[in-house]
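Asker: Take a look at this one; I'll ask things after.
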Amino acid sequence: MVAGRRIRFTAVLVAVVFALTGFSSHGGSSGSSGKSKSSSSSGGGCSSSKSKNKNKKKSHGSGSSSSPTPSASATSAPARAVLVSCVGADAKGATVQVTSTVDAERTVRVPVTFSGANGATLDAGSVKVTLKARESRTVVVPMTVPGKAADVKNCLVGAVDRA
C-alpha cells in the first residue's frame with residue numbers, strides 16, 4: 001500500500017514539475033524545445049520570452065551628480081566629461097575631468113548645470129577646451145552668477161559637443 005502511494009505521489013510530482021516548467025504531456029512539434037509556446041506572460045515557470053521593454057532606458061542614481069558614469073558609443077561626442085567636484089568654498093565653479101575619445105585634436109564645449117537642494121536650476125555654465133588626441137585634462141567650469149554658489153547642492157555635467 002505504501003509503495004502505491006509513493007508511485008502516485010511521484011507521478012503527481014512529475015506532472016506538477018512539467019506543468020510549472022512548461023513541458024507538455026501531449027507532445028509538440030518537431031521543432032519544439034520543450035518550453036511553453038504561449039505568448040502570454042501571466043504564467044509561471046520557465047519562460048524563454050524576452051521583455052517587451054527592451055528600448056526603455058534605465059534610470060540610475062538619486063539625482064546626485066557627484067559621481068556620474070560617462071558612456072561613449074561609436075557616434076558619441078568627441079570627448080567625455082566626469083565631475084570631479086561641485087562648487088567648493090572658492091566659488092569658482094565645478095571641476096571636471098575631460099577626456100578626448102578621438103584620434104585627432106578637437107575643441108569641445110563642456111556644459112555644467114548648477115542646482116539647489118530642491119533640484120531647481122540656479123545657474124549654468126560651460127567652458128571650451130582644446131584637447132589633443134586621447135588627451136585628458138581637468139578644467140573648471142565657472143558659474144555665471146558666483147553669488148549663488150552657497151546655494152548650489154548639485155552639479156550636473158551635460159553632453160560634451162564640438163565647439
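Asker: Can you report the number of residues in segment 133-163 which are within 22 Å of Thr107 (Cα to Cα), open to solvent by less than 80 Å² (accessible area, probe 1.4 Å) and of a type in the set (Val, Ile, Thr)?
Answerer: 5
Asker: Output the number of residues of segment 136-160 satisfying the condition of being over 16 Å from Lys92 (Cα atoms) and either among the aromatic types (Phe, Trp, Tyr) or touching a residue at least 40 places away in the same chain (Cβ under 8 Å) (or both). Break it down into steps so the answer makes sense when it comes.
Answerer: Taking segment 136-160 first, the residues over 16 Å from Lys92 (Cα atoms) are 136-137, 158-160.
From what's left, either among the aromatic types (Phe, Trp, Tyr) or touching a residue at least 40 places away in the same chain (Cβ under 8 Å) (or both): 137, 158-160.
The total comes to 4.
Asker: Does at least one position in segment 109-128 carry a residue that is at pLDDT 95 or above, among the aliphatic types (A, V, I, L, M) and under 22 Å from the mean Cα position of the chain (by Cα)?
Answerer: yes
Asker: Another one. Filter segment 86-135 down to residues that are assigned to a strand (DSSP E or B) and in contact (Cβ under 8 Å) with a residue 60 or more places away in the chain and give me whichever is farthest from Lys153 (Cα to Cα). Quick ask: steps written out before the conclusion?
Answerer: The first filter runs over segment 86-135 and keeps only residues assigned to a strand (DSSP E or B), leaving 93-100, 106-115, 121-131.
Going one step further and asking which of them are in contact (Cβ under 8 Å) with a residue 60 or more places away in the chain, we end up with 94, 96, 98.
Working: Ala94: 11, Val96: 16, Val98: 22 Å.
Once the filter is applied, the top-ranked residue is Val98.
The values are calculated or read from the model by the stated rules, or taken from the named source; none is laboratory data. Note that the coordinates shown come from a computational prediction; the quantities given were computed from them, not determined experimentally. Every residue, glycine among them, receives a Cβ derived from its backbone with ideal geometry; neighbour counts consider all protein chains shown. Surface areas here come from the heavy atoms of the whole protein model, side chains and all, with no ligands, DNA or RNA. Shrake-Rupley method; radii C 1.70, N 1.55, O 1.52, S 1.80 Å.
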